[in-house]
1. How much solvent-accessible surface does K169 expose, in Å² to the nearest 10, with a 1.4 Å probe and all protein chains in place?
2. Taking the C-alpha atoms of region 173-308, how large are the radius of gyration and the largest Cα-Cα span, Dmax, in Å?
3. Sort L285, L161 by accessible area with a 1.4 Å probe, largest first.
4. Which cross-chain or sequence-distant (5 or more) residues have an amide H under 5 Å from the amide H of I318, H modelled 1.01 Å from N in plane?
5. At a 10 angstrom cut-off on C-beta neighbours, averaged per residue, how do the peptides 21-28, 190-197, 176-183 rank from highest to lowest?
6. How high is the FRET efficiency from S124 to E53, r the C-beta distance, R0 51 Å, rounded to 0.05?
7. K320 versus A29, label points 7 Å from Cα toward the beta carbon: distance in nm?
8. So what are the ³J(HN,Hα) numbers for region 85-94, from phi and the Karplus equation (6.51, -1.76, 1.60; θ = phi - 60°), rounded to whole Hz, Gly and Pro as x?
Amino acid sequence: MASSVSGPIALPESRFDLSTYWGRIRHCAQIADPSMLLTTQADLVHARQIISEYRHGKLKDTTPEFWRAKQQLDSTVHPDTGETVFLPFRMSSCVLSNLVVTAGMLTPGLGTAGTVFWQWANQSLNVAVNSANANKSHPMSTTQLVTNYAAAVTASCGVALGLNNLVPKIRNITPNTRLILGRLVPFAAVVSAGIVNVFLMRGNEIQKGISVFDEDGNEVGLSKRAAFLAVGETALSRVINATPTMVIPPLLLVKFQKGFLKGKSKGVQTLVNLGLIATTMFAALPFALAVFPQRQAIQVSKLESELQDKKDKNGKQIEKVYFNRGI
């Protein structure tokens, strides 16, 4: 993010009002803009120069070039480390990276092997995205990463296989209801495992705390309470993001297969399924990301006692601190 560029002058968070949900939706739509994947290293160097000029007072106004530079950094660079996030794991690549695995999970009639493979592929991608975009106050060791990854995959596959076995045994429901429940099994697996995934991958933050900053960007200390809030909100946003994508396309596909798709080839049905998933993803992602601000503010009175007596560089009592929630 542009905040990784240092300077004495604070940056405007966005050209939109982030105190409102609609403002955050518009802001997140820019971060998730797939065109940002075309940003080159030369573009990032130029963007950093523009942001640096603003932060040091050389650039007085927020010009269109300034906002373009900020968008490039916000969608490409990690806010804590200043390093470029690996392309498939950026939010601007979210729809494209998830399209194939989501389509795989939502394919009707998957057997045990297919269910395990696509749940494994989905959780592998989730782990990579979580790791690449997490708050970097406490980097995770390789051992912790492997252990948590295995737990997330186990949870995902266990829920999917368990529900696949359970749905056919449910009595006193119509065949259509049983069909719909079967199509929603991937949703239940993704939601439950997604929550486990986020808390496992970012458990270090809850145990040790994350860095909180004053309004000028100076570190105040570490807070476990802020970490729990950051991780909890991220997990909830994953549920919100997964719900439309994993519910709307399979239900529409059931309806279409009884209508204009009836008798059509598997290839045609697959293309329609991909279209439904992609459209839903593009529409839902900004709304899901915008539910909670990425740069959170919290009153120090709600944090640990050792943070409540901190003063800023001018000797004034700090009443509010900020932290990066992660994505």
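1. Near enough 150 Å² of accessible area.
2. 20.9, 68
3. L161, L285
4. Distant-sequence amide H within range of I318: K310, K311, D312.
5. With the highest mean Cβ count within 10 Å placed first, the list reads 190-197, 21-28, 176-183.
6. Calculated transfer efficiency: 0.80.
7. Result for the modelled spin labels: 2.6 nm.
8. Karplus-based 3J(HN,Hα) across region 85-94 equals 6, 3, 3, x, 9, 7, 5, 5, 9, 4 Hz.
The values are calculated or read from the model by the stated rules, or taken from the named source; none is laboratory data. Since the structure is predicted, the reported quantities are computational estimates derived from the model, not experimental observations. All Cβ positions, glycine included, derive from the backbone under ideal geometry; neighbour counts span all protein chains shown. Heads up: the accessible areas ignore ligands, DNA and RNA and are worked out on the full protein's heavy atoms, side chains in. Shrake-Rupley method; radii C 1.70, N 1.55, O 1.52, S 1.80 Å.
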